[in-house]
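Here's the structure, in structure tokens; my notes come after.
All of the numbers you see were taken from the coordinates with simple rules; none came from a lab. Since this is a predicted model, take the numbers as computed values, not measurements. We place every Cβ from the backbone using ideal geometry, glycine too, and count neighbours over all the protein chains shown.
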Amino acid sequence: MRKKILYTVLPLFFLACNFLFPVTQQDENPLPTQSEPASVQSTSSFTIVRIHKQDGELLTQLAAEAQKAKTLNQKPFIEFDATWCPPCIAIDNSIKAEDPLTISAFEGVYLIRADVDEWGWGDGKTFTVEAIPIYYELENSGNPTGAVIDGGAWNEDIPENFAPVLDAFFHKQ
Amino acid sequence: MKYPLNILIFLVFIFTSISCRAAPALGESLKLGSSAENNVEVTITLERGNDDRFVLSATFTPQSPSLHLYSKDIPKTGVNGLGRPTLLELSEDSPMRAISELTENVSPQTPATPPLELLTYPAGPVTLSFHILLPEGDSWANDEVIVTYMTCDERGCRPPVQQKPIAIRIPGRGLFQ
């Protein structure tokens, strides 16, 4: 008799528990709901794009990006960087943190980023990259003007050091 | 007929000299191999210590005095991906056996800016060493060690060199008895 009661009550008990304390299933790795335009970061004052080798030749892509820069009335530059490069990441973090000095330095800049792990260390002709980060000024055609700057232009990689130097480089007439 | 005999004697002398490469005496350092890539020269040496133990060392010498290396103790993939450690490792099938931890001849420094775990050595050369057991035998054998490093200076960073094998010749333990 007692067993019968137990068999009847137990399922009811579990049903009640589920009803009172429902388990919500959480996806630990939710998929993005939309494709993110990860390679383009744009603000009202400057644009950052990342180019990839699979999308074509370097000079062809630079020409196309320089045209986009022109339509935005921004000045094109290419930066060679890498994910393992502390100074590159310091500058990038400063942009992401919207440091006023850095944001001011990049105003009006159309920055085309190329990862050296993907693109190599320049072609030895148009671009000769020995250390990163390095910035080359580009013409509207996408060809380098010859103006170039690297981390040697400032000391420690803090906005107070690199922002004024980059500002002067980006905005020289 | 006289000249070919002389040449033969000369060749035998040269061959014998190369084959009977002297094992290091107490406190002496023997260069086992070297390599240069991405602005750093790496020299591998073997030294016989006072306690009859052997010390295998790698000296990483940046080719520009301003370049610095990163601490051996940062993760192999860097701190949050940044930097690469300076490392000396034995190859998986090496006849040598490490019997101590890797040590450094200079102390790493904490950087002035984050990430603070990204320890660097002062600019200039760094030597990493550990005690090893040499293989049995009284002959020399081919082997390789694996090195990893990356340098940066005020100009920026040079490409990392990761898990690069360096060919070396190692003496058997019997050569010292």
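Place a point 7 Å from Cα of A:S104 in the direction of its Cβ. Which residues in the stretch A:125-163 have their backbone N less than 17 Å from it? From the stretch A:125-163, the list is A:158-163. Placing dummy labels 7 Å off each Cα toward the beta-carbon, the span from A:A168 to B:E37 is 3.8 nm.
Exposure proxy shown here: for B:R97, B:R155, B:R169, the number of other Cβ atoms within 10 Å sets the order, fewest to most, as B:R97, B:R169, B:R155.
Using the Cβ-Cβ distance between B:R97 and A:D117 with R0 set to 45 Å, the FRET efficiency works out to roughly 0.80. Panel order for B:H131, A:H171, by other beta carbons found within 10 Å of each beta carbon, from fewest to most: A:H171, B:H131. Restricted to Cα atoms, the stretch A:40-170 shows a radius of gyration and a Dmax of 13.5, 37 angstrom. Taken as Cα centroids, the stretch B:93-113 and the stretch A:75-104 sit 32 Å apart, rounded to the nearest whole angstrom. Among rounded, prolate and oblate, which fits the stretch B:41-100 when a ≥ b ≥ c are the square roots of the eigenvalues of its C-alpha gyration tensor, a/c under 1.5 means rounded, and a/b larger than b/c means prolate? Oblate.
Rounded if a/c is under 1.5, else prolate if a/b beats b/c, else oblate: with a ≥ b ≥ c from the C-alpha gyration tensor eigenvalues square-rooted, which is the stretch A:113-154? Note, shape of the stretch A:113-154 comes out oblate. Go through A:K96/B:K164; A:K68/A:K172; A:K125/B:K72; A:K75/B:K72; B:K31/B:K72 and tell me which ones have a Cα-Cα distance over 30 Å in this structure. Listed pairs above 30 Å: A:K96/B:K164; A:K125/B:K72; A:K75/B:K72.
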